[in-house]
Structure formats: structure tokens, C-alpha cells
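Trainee: This is the structure, below, for whatever I ask next.
The values are calculated or read from the model by the stated rules, or taken from the named source; none is laboratory data. For clarity, every value in this text was computed on a predicted model and none was experimentally measured. When we count neighbours, we look across all protein chains shown, and the Cβ atoms used for this are built from the backbone with ideal geometry, even at glycine.
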Amino acid sequence: MLSSTIVPKSEDAVASIIAAAAAGGERLAIEGNGSKRALLRPVRATRTVSLRGLSGITLYHPTELIISARAGTPLPEIEAALAEHGQHLIAEPPDLAALFGSSRPATIGGIVATNLSGPRRIAWGAMRDHVMGIRAVNGKGEIFRSGGRVLKNVTGLDLCKLLTGSHGTLGVITEVTLKVLPAPKASGTVSIHVATLEQGIAALSAGLGSPFSVSGAALLPEGEGAVAHLRIEDFAESVAYRCGRLRDDMARFGAASVQMETQMLWQGIRDAEPLGATPEEAIWRISVQPSAAPGVVAQLRAAGGTKFLLDWGGGLVWVAAHASEAAHQAVVAAALWAQGSYTLFRAPEALRSTVAVLPDELPALAAIARRVKAVMDPAGLLNPGRMRAGQ
Amino acid sequence: MIPLPAPKPDVLARRAQIVAALQAIIPGDGVISEALRLKPYETDGLSAYRQPPLAVVLPTSTEQVAAVLKYCNAQGVRVVPRGAGTSLSGGALPLADAVVMGLMRMNHIKTVDYENRLAVVEAGVTNLGITKHVEADGFFYAPDPSSQLACMIGGNVMMNSGGAHCLKYGVTANNLLGLTFVTIEGEVVQIGGTYLDAPGYDWLGIITGSEGQLGVVTEVTVRILRGPEGARAMLAAFDSIEVAGQAVDAIIGSGIIPVALEFMDRPCIHACEAFAHAGYPLDAEAMLIIEVEGNVEEQDRLLSWIKEICNRFNPISLKVAETAEESLAIWKGRKGAFGAVGRISPDYLCMDGTIPTGELPFVLKRIGEMSASYGLQVANVFHAGDGNLHPLIMFDANNEASFHAAENFGADILKLCVEVGGCLTGEHGVGIEKRDLMPVQFTPLELDQIRALKAAFDPQWLLNPAKVFPLEGNPIFATIPVLNAA
């Protein structure tokens, strides 16, 4: 188990710690506030390096749509600074403290390292799409940068994307620069009661295929049927007009109604609250093309009592079920059937250390992955085993 | 001129044998080796550089691409992938000992799926070809580089192409779901798929924008979007660059995200007006084209707000398009900007740095001073919302001194972009053109690291070598004498 946590106060200190660990053959767990420690596989390390000591916004130019912050900056601090200027984080990253049973808020470095996005992802892109610049320390203790503080940059290989979602296994992110946008002035939701999940997906697809810039499309199962929610965010006049048009268009799928100012509903969906997972249950996320989602749900229902929440137009299926290998295999089989992918998102340590929490790479990519890891972290000391056994 | 590595003598000596082997893989007319027929492939959009390749292959399937790469890898033969050859940075410039792999015959749209809002297309489908294919159903493919009529999606992926509308819709990387990717060993792998955000390392992200350094993309799964109910443009002209820059800040600060926000300086306005007769104000120092989306009422409302904001900055003229036709007229000059400059000067270099938008007045002032000291005219057109500059440096290609001056002027502009916190290239790529400027932006350690990552995909440095990464400090080229391009 983890014996101690080091909290460096500067990027240089992070670099020295890693260089020393590399020299001493020591393995390190890398985290921000540790709010998602229970995500993916348990890390086998002798010490933890927490980035929470590297905190604070370092640059914010609202008219340039750019914010930079040290990796350990709590997400709420960034959101509050943006809100003061009427702006927001485009990908709507979730607050999973409740889901992971953490009392601490996520850090911006942790959100980028895990590439977590909320409902707005379907329309405006994922966290990885808005990481414009990164500073990090590789597994040799060397400080490097990629990208910068401008919105368009194709200079050199895009290590911002490589590091985003790499769960701290290729480098320790010390600072990130993100594209931000003006926050919408208003929002509204069209809710449609549908008789089947197929109809629900059809409604979401019709909404996303409409000219009304839908920025959230979720499906909450209720018995045999479900409620489909479509969100519009914009200036108040546009929200009212487009919600009205959408409601009329959606009537063919079921009883449709409009509600204004539905932030709480979408915050809940963002944080997977409607999934209703109990603390003992395991949680998976399955990525599929939306039209395959009802089939995935049907398969998993046949395999046993499970709970669902569909976001991203049906392309993201949240699943909660009894934490067992059998349930995991059912999820793996359903994702495979749908030609999609999966993540065992939360589970007791016993389960997540025995099963493959992510699908294996194809052999040709696995070989490249080993070589990439050897470039970035040759001693394999950063978050060993976090994503896959031995990786 | 930018040096290229010397060709491998053993490869040149085996040319006939290599061509025969390629013909066995691609029967028919898919292998080109005659000098006259190689000519069209000796350059790309950076036409100051020319070099006929060893041979050209025009595969028609992923299997042929894989077989050619497998052969070239085994034989140590270099490969330069090519789409339409519209690169402005020399990304598709051949090497004398390299096989150019042209993907233009892989031009089929394989799947269009409106329910899941995606299309699977081969690498040689043109950018505009995707939109043309789906627009009758109200859909479009968002990234719209100026070369969209000709440029191909495979090249767009390799350059992570942008366009005029990326402030709202993002660049190529933000509009992809999956790739069929062939490694230099000839292994075919599916990257991503038909779903969002595959867990694991973001191969899709690192391959996009990799300029042909990591492998060859043969098929692309793109997101297609439903278009808005309508869109309309307006034009706002100001008597100083600073004031126009302030107006841009005020628009973005107000919470409006125009779908496009383009900026032109005086020389560019004049060149475009002479070409397109779009009604541009010739007395302006700077002009903005601003486009908004929505139904007619939404457009009216947004345009009136923007007009109100612009009015605070004493515009010389404000013109709101009343119809779609008037919008097209406003855009006509901008879309033809490169051609318009081409009418004034037969040769120009199109630069592509990005700067923090707040640095705009300073950077444009410095570019003006450099223009005077180099004695070369420059016209500036750029995407104002994201700070991506396109200075067009006019020169005379028949005069070697003029070309050298233009290259040095361009390099100075890009160094300035980095100095003020920006980067060397926003959307055209490093290619050959900006390769030797990379140390301006990156430390030796950072360069070593991305070079090592390139080698993780392509250990023998066979894929598009001599581009992107400076030759200096690269052990793979250390022992090879360096020659100048023709």
C-alpha cells in the first residue's frame, strides 16, 4: 500500500522527485487531490506524488478565450474565475466526488489526465479538444512543454492530446492551458416521454440532427420506456424559440414538454446521479455509436439486473451493477458486440485489479504503445499498472 | 534554401528493381516511373521547392498501401505520403530516393450514417466532396480550409487543417471519430471507431496533425453536423488596426461567438476588391468579416448587437448583408484572397503563425516595419477570433535575391509570433518550410522527445523524413552529407 505522500510546491521540485525516483528505481503514484483514486486499476507504488501543492491560475485572458492553471488548482476555483467573466469550461467536466466517495474536489490536472467530459461533449468536444498547452515532467524528470497559449497550433507532434487521458502514465502534468468560451446566457430542455429505448435514441438523434444546436442529449430509462432530454443553451430569445420548435418536432416520439433553466438536471446527468448506483455497485462506461445503445442495454438487462443512464445522444452508456466478474464480462461482451469500447469506471479493488478495466490494444498498437511508454517513462515509474496490467 | 538529406545511393542504384516490385503490388497504371509523368509530383503548394521522386504509387486499397509500406520498410525505402498536394509548407515535397504514395485514387465515400451523424470516407475524398455529398440532407463537414475544393481528407488529417469556421466548430482533430491507419511495417489498425473518446492513449489525437511522420491514413470516420437554419455575414471597417482589434475583443467579450471572424488589412482589402469587386471600403486600414448563424430573427438580433458594439469604435463603414447573396458577396473577396494577391504578385509566400489576439496591433506594426526594411510588400488576412495570421509576402521567384529575402522575412515573422507567446504554425504544418525554425519554439530536449516519439512509430525514419524535425541533432541523418534542394 501507499506509504507516504509527497506534495511538491514547484515544477522543479516535481522534476527532482521524479529524477531521484528514476535513479533509485522507485515507483510513484501520481495524483491531484486523489478524488478519482478509485478509477481504473490500483497503482502499485511505494510513494504518492500529489500535485495539489502546485495550485493557482497563472494566466487568464477572457478576450483571448484562454486560461492557464497549475495542475493542482481545484476545478471549482477555475470555474469561479471563469464565471466572473461570464465564461465556462467548454467540455463541462463532471464533479465525481460523490461517485468516488471523495471529500475533495477534482483538480484541473486530474480532469485533463483522465479526459473527463460532461453532456456538452456531444456538441462542443471533449476536454482533450480544449487543451491548448501543457507543461509536464516525463519519467526521466525532464520538464517539457507542448502546444502553447494560442487557439490554433499544429507545430510538432500534439503531446497535449497524448497526455490528456493517459492517466499520468506518460508524464506528470504540471500546468494546463485551456480554450474557454462565453457561457450561454440561458438554457432550456425539451423532455420527451418515449415508450422504448429505440424511440428514445431516435428522438435524441433527431434532436442532434436538427438545426437548433442541441448541447445535451440524454436518455433516462423509466421502466420499459424512458425520458429523453434535449438541451439548448444560448441567448434567452434563441433558447425560447428553439425549444419551441424542437418540442413541436419531437411530439412524434412521445409527449414533449419544455422547461427553462434546467441546470440542476444537467448537472445531475453530468455527474451520473440518475444512474442511482449504490456505493457497493460497480460502474462502467460504454462508448458506442448511438444506434447500438438500445441493443447494449437489452443484452445487459438479459444478463441480470442493471441500472443505466445514456448520455451523448446514446453514445455513452453508464452502467451500474453488482460488482462481479460475471457482470464485467457481460459489459465486455456487450461493448464488443456493439463494436464499441468500455471502461470499468468504479469497482472494489478486488475486481479492478483482476479484470481488464479497458480493452486491450491491437497487437500493432500495443507494440507502439510500449515504445511510446519507453520514450516518455523508460523506467516505468509513473502510475504503474493504472490503465493495464504491466503498463 | 532549406537543405534536404542526400539520397541513399543503394536505393537509387536499385531503382529498376524497386519499381518492378511496386508494379507487382499495384498492377496496371498505378506505378509511375517515367520522368515526364513524375513531373506533376515534384512539388506541392510550396512550389519554390521541386524534387522529382524515385517513383510514384497510386494505390486503390488499404491492402495495397499496406503491401507497399511493408515492402519499403523491408527494403529501407523512404515514403512520402501525398493527398492533393496542396500543402503550403512542403509537406508532400518528394525526396530523390523516396516513393511518393498518392492517395487520390482512394476517393470513395463508403458510409453515410445520419442517425449516428458520421461518414466513413477514403483518404482521397476531397474536403468539399464530403459536404457536397451530404448537404442535400442538411448536413456538412465542418472544417473548411481555403483549399477545400481540392484538398483531401487524408491530408487534412495529417495537417490537422482548420479553416474560417473553427472558432465555433473546431479543427480537423475535433471532428474525427476514427481512422484506418497503416504502420510502416504494413500493419493495418483501426484507430477509434464510430464512437466518442475511446479509452487508452489518444492515438487519434497524436496521429492527427503528424504530417505523415507516423503512418499512412487510408480511411477516415468523420463527424458530420446538421447545418444551422441559416447564416449571414456583415462587414465592419475601421481606420486603424488597433481599433479593429479592440472591436474583436469587445465582440468576444460580449459573449457572442460568431461562427467566423476574419480580419484583413489595407493591402489585402485592396487586392481582394480589385479581384472580386465585393464592395470593400478602400479607405479602411482594417476590415472584419463577421458571420452569425440561426434563423432570420436570430441572425438579425446577433448582427444588430454586433453592429452596436462596432459602432462604439467609430467604424468607417458597417454593412450587414440583407440576403444570403449579399453574404456570399462579402465572403467572395475573402475566399479569393490568395488568388487576389496572386494577381498583384506572381509569387507569394503564405505564412501561418498564431499569436495571442491581444498582441495583434504590435505584431502587425512590426510586420509593416519589416516589410519596409525587406522592401517586400505584404498583405495580411487572418482568423481574428483565434489569432491565426496569414501574412502573404509578395516576391519575384525569377529573382533569387527576392526569394531569399521573402524566406528571411517569413522566418522573422514566425520568430516574432513565438516571441509574443504564439507558435510557428496554426494550420499549415511545419513541413519543410518551417522545419529549421523549430528550435525557436522548442528546447533541444523537447525536440529530442518528439523525435523519439516519431521513431516509436517509424524506427528507420522512412516516413516523410527531412520534414518537421530539424536535421541538425538527428542521429539518423548525421552521417549523410546534406544537399540543397534543386
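Trainee: Given the conditions (1) farther than 30 Å from B:Ala244 by Cβ; (2) surrounded by fewer than 23 Cβ atoms within 10 Å (Cβ to Cβ); (3) within 14 Å of chain B (Cβ to nearest Cβ); (4) of a type in the set (D, E, K, R), which single one is not true for A:Arg41?
Mentor: (2)
Trainee: Looking at (1) part of a helix (DSSP H, G or I); (2) within 13 Å of chain B (Cβ to nearest Cβ); (3) surrounded by fewer than 16 Cβ atoms within 10 Å (Cβ to Cβ), which one does A:Lys373 not meet, given that it meets all the others?
Mentor: (3)
Trainee: Out of curiosity, is A:Leu336 within 14 Å of another protein chain (Cβ to nearest Cβ), under 23 Å from the mean Cα position of the chain (by Cα), aliphatic (A, V, I, L, M) and surrounded by fewer than 17 Cβ atoms within 10 Å (Cβ to Cβ)?
Mentor: Judged against the criteria, A:Leu336 is a match.
Trainee: Additional query: Take residues that are in the same structural domain as B:Ile289 (by TED's automatic domain parsing) and either in contact with a Ser or Thr (Cβ under 7 Å, 6 or more places away or on another chain) or touching a residue at least 40 places away in the same chain (Cβ under 8 Å) (or both) and tell me which of the strands (runs of 3 or more DSSP E) falling wholly in the range B:162-239 contain 2 or more. Explain how you work it out, then say what you get.
Mentor: On the way: elements: B:176-182, B:188-192, B:216-223, B:231-238.
It comes to B:231-238.
Trainee: Tell me, which helices (runs of 4 or more DSSP H) wholly within the range B:400-486 include 1 or more residues that are within 8 Å of chain A (Cβ to nearest Cβ) and modelled with pLDDT of 95 or more?
Mentor: Working: elements: B:400-419, B:438-441, B:444-457.
Passing ranges, in order: B:438-441, B:444-457.
Trainee: Is there a residue being in a loop (DSSP other than H, G, I, E, B), within 11 Å of chain B (Cβ to nearest Cβ) and touching a residue at least 60 places away in the same chain (Cβ under 8 Å) anywhere in the range A:198-217?
Mentor: yes
Trainee: With respect to the numbered conditions (1) surrounded by fewer than 23 Cβ atoms within 10 Å (Cβ to Cβ); (2) touching a helix residue (DSSP H, G or I) at 6+ places or on another chain (Cβ under 7 Å), which one is the sole condition not fulfilled by B:Gly138?
Mentor: With respect to (1) surrounded by fewer than 23 Cβ atoms within 10 Å (Cβ to Cβ); (2) touching a helix residue (DSSP H, G or I) at 6+ places or on another chain (Cβ under 7 Å), B:Gly138 is out only on (2).
Here is a yes/no grid of residues against (1) surrounded by fewer than 24 Cβ atoms within 10 Å (Cβ to Cβ); (2) more than 11 Å from chain B (Cβ to nearest Cβ):
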{"residue": "A:Gly110", "(1), (2)": "no, yes"}
{"residue": "A:Pro119", "(1), (2)": "no, yes"}
{"residue": "A:Ile122", "(1), (2)": "no, no"}
{"residue": "A:Met127", "(1), (2)": "no, no"}
{"residue": "A:His130", "(1), (2)": "no, no"}
{"residue": "A:Ile134", "(1), (2)": "no, yes"}
{"residue": "A:Val137", "(1), (2)": "no, yes"}
{"residue": "A:Lys140", "(1), (2)": "yes, no"}
{"residue": "A:Leu151", "(1), (2)": "no, no"}
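Trainee: Hey, could you check the range B:369-397 for residues that are small (Gly, Ala, Ser) and surrounded by fewer than 16 Cβ atoms within 10 Å (Cβ to Cβ) and say which is farthest from the other protein chains (Cβ to nearest Cβ)?
Mentor: Going residue by residue through the range B:369-397, those that are small (Gly, Ala, Ser) are B:371-373, B:375, B:379, B:384-385, B:387, B:397.
Cutting the leftovers down to surrounded by fewer than 16 Cβ atoms within 10 Å (Cβ to Cβ) gives us B:372-373, B:375, B:397.
On the way: B:Ala372: 27, B:Ser373: 26, B:Gly375: 29, B:Ala397: 26 Å.
So the residue we want is B:Gly375.
Trainee: Continuing with this model, one more query. What number of residues within the range B:240-255 are surrounded by 19 or more Cβ atoms within 10 Å (Cβ to Cβ) and in a loop (DSSP other than H, G, I, E, B)?
Mentor: 0
Trainee: Of all residues being in contact (Cβ under 8 Å) with a residue 40 or more places away in the chain and among the charged types (D, E, K, R) in the range A:340-391, which is farthest from B:Tyr201 (Cα to Cα)? Just the residue, please.
Mentor: It comes out as A:Glu349.
Trainee: Can B:Gly124 be described as under 29 Å from B:Ala340 (Cα atoms), assigned to a loop (DSSP other than H, G, I, E, B), within 11 Å of chain A (Cβ to nearest Cβ) and modelled with pLDDT of 95 or more?
Mentor: No, not satisfied.
Trainee: So which helices (runs of 4 or more DSSP H) are wholly in the range A:89-176 and hold at least 2 residues that are in contact with a His (Cβ under 7 Å, 6 or more places away or on another chain)? Steps first, answer last, please.
Mentor: Values: elements: A:108-114, A:121-124, A:127-130, A:159-163.
Hits in the range A:89-176: A:108-114.
Trainee: Would you call A:Ser68 in contact (Cβ under 8 Å) with a residue 60 or more places away in the chain, touching a strand residue (DSSP E or B) at 6+ places or on another chain (Cβ under 9 Å) and assigned to a strand (DSSP E or B)?
Mentor: For A:Ser68, the condition - in contact (Cβ under 8 Å) with a residue 60 or more places away in the chain, touching a strand residue (DSSP E or B) at 6+ places or on another chain (Cβ under 9 Å) and assigned to a strand (DSSP E or B) - is met.
Trainee: Select from the range B:1-43 the residues that are in contact (Cβ under 8 Å) with a residue 40 or more places away in the chain and assigned to a loop (DSSP other than H, G, I, E, B) and list them in ascending order.
Mentor: Result: B:Met1, B:Ile2, B:Ala6, B:Pro7, B:Lys8, B:Arg14, B:Ile26, B:Gly30, B:Glu42, B:Thr43.
Trainee: Please go through the range B:327-339 and give me each residue that is farther than 12 Å from B:Tyr280 by Cα and surrounded by 18 or more Cβ atoms within 10 Å (Cβ to Cβ), ordered by number.
Mentor: B:Ser327, B:Lys335, B:Gly336, B:Ala337, B:Phe338
Trainee: Which of the numbered conditions does A:Gly147 fail, given that it passes all the others? Conditions: (1) at positive phi; (2) at pLDDT below 95.
Mentor: (2)
Trainee: Tell me which of these B:Gly162 doesn't satisfy, since it passes every other one: (1) more than 10 Å from chain A (Cβ to nearest Cβ); (2) modelled with pLDDT under 95; (3) buried (at least 23 other Cβ atoms within 10 Å of the Cβ).
Mentor: All conditions are met except number (1).
Trainee: All but one of (1) closer than 30 Å to B:Ala405 by Cβ; (2) not in a helix (DSSP H, G or I) hold for B:Gly368; which doesn't?
Mentor: It fails just one condition, (2).
Trainee: Which of the numbered conditions does B:Val112 fail, given that it passes all the others? Conditions: (1) under 30 Å from B:Asn175 (Cβ atoms); (2) buried (at least 24 other Cβ atoms within 10 Å of the Cβ).
Mentor: In the conditions (1) under 30 Å from B:Asn175 (Cβ atoms); (2) buried (at least 24 other Cβ atoms within 10 Å of the Cβ), B:Val112 misses (2) alone.
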